[in-house]
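A.B. asks: Handing you a structure now.
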Amino acid sequence: MHRSSLSLIPAIVLTGLSLAGCSQNRAQSPAETTVPNQLPTVVETTGPNTVVVRDREQEVAVMLACVTVPPQTSAATDPLTALLPSGQAVQMRVVSPDQADPVRAELFLGNRPVGLQLVEQGDAMVDPTILTDCPETASRYWQAQIEAQQERRGVWGQYDLRVGTPVDVAPNLTLPVQATAGNCPPSVDLWAFRWGFEGGADHTVRVNLREIAAQPPSLLQSSDTSVVFTAPLQPGYAKCVGSARSEQMTMYAVDFREGRVQFSLNLQGDGTRKVLYQSVSANRPYIYWQATE
């Protein structure tokens with residue numbers, strides 16, 4: 001049988017969400033674009049995050065959007081097969097460009113994304129580099145991953161979360177340290193991501209203190225507009241006095257003094273900004289916040 005590309009499944013495709021344009025389009029729910037009684041059905045799972053579905057007599061190769069399955073989980077196809085056995089009806093929200101092969105999409109059982117269920121089970125990880133494909137559910141993916149990490153579900157039982165970074169995605173923001181005394185680290189690395197929507201954006205930030213702090217960070221202060229985490233410095237940096245800032249991301253700040261490192265988020269400024277969630281994930285400060293007009 002022929003395995004179709006995106007152009008052959010218009011009846012089940014939501015409005016396309018490109019990386020550049022997702023902030024301009026309202027993502028629809030699966031039910032808004034699925035023809036009743038004509039749902040695609042699963043033919044087979046072909047990999048840890050890939051399946052073949054049949055839609056109107058055409059077979060379509062699909063890769064789950066917004067998640068990745070780590071290479072350490074060689075048997076990870078089994079959880080996906082358990083969720084999507086042959087013949088299972090699904091709903092689908094395609095996010096890849098026309099003619100992509102395989103099609104990249106969120107698959108739904110009812111109103112729940114299959115990728116999200118895999119993350120909850122610890123059988124998949126959030127992929128920040130493509131999570132913009134899922135702007136309306138991004139916070140749910142992150143929260144599901146944090147809970148899976150904390151409870152050591154699935155793949156997270158294989159990692160030492162006290163020292164390691166389980167997701168193999170490099171930090172995308174570096175803050176140079178301006179030292180005024182002592183031996184200081186040259187910089188502090190952050191993972192900082194933004195998911196736009198009409199009238200605002202969701203933001204997440206995660207701070208890499210692995211080679212700086214001697215112990216896991218603790219929450220020092222929290223409010224709707226500010227969060228402060230602190231941790232003791234490693235002996236080599238114990239006498240460091242300095243700070244790290246970004247001209248573009250002025251809400252983030254790192255300070256070194258009195259043998260401690262302190263990471264601060266300050267949302268005071270134009271518009272409406274609010275902290276929605278903060279925690280320590282894999283011994284790194286993690287904050288989810290939102291900005292609206």
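A.B. asks: Going by Cα centres, the stretch 95-119 and the stretch 185-256 are how many Å apart?
C.D. replies: When both Cα centres are located, 32 Å separates them.
A.B. asks: Starting from 0.36 nm per residue, how many nanometres of slack lie between Arg245 and Thr46 once their C-alpha separation is accounted for?
C.D. replies: On the way: separation 199, 0.36 × 199 = 71.64 nm, distance 4.58 nm.
Result: 67.1 nm gained on full extension.
A.B. asks: Would you mind telling me the share, in percent, of accessible area of the stretch 185-293 contributed by carbon and sulfur at probe 1.4 angstrom?
C.D. replies: Carbon with sulfur: 44 percent of the solvent-accessible area.
A.B. asks: Now for a different question. Pulled fully out, how much extra length does the chain show between Asn183 and Leu276, if you take 0.36 nm times their separation in residues and subtract their Cα-Cα distance?
C.D. replies: Computed gain between Asn183 and Leu276 is 30.0 nm.
The values are calculated or read from the model by the stated rules, or taken from the named source; none is laboratory data. These figures come from a predicted structure and were not determined experimentally. Surface accessibility is based on the protein's heavy atoms, side chains included, excluding ligands, DNA and RNA. Shrake-Rupley method; radii C 1.70, N 1.55, O 1.52, S 1.80 Å.
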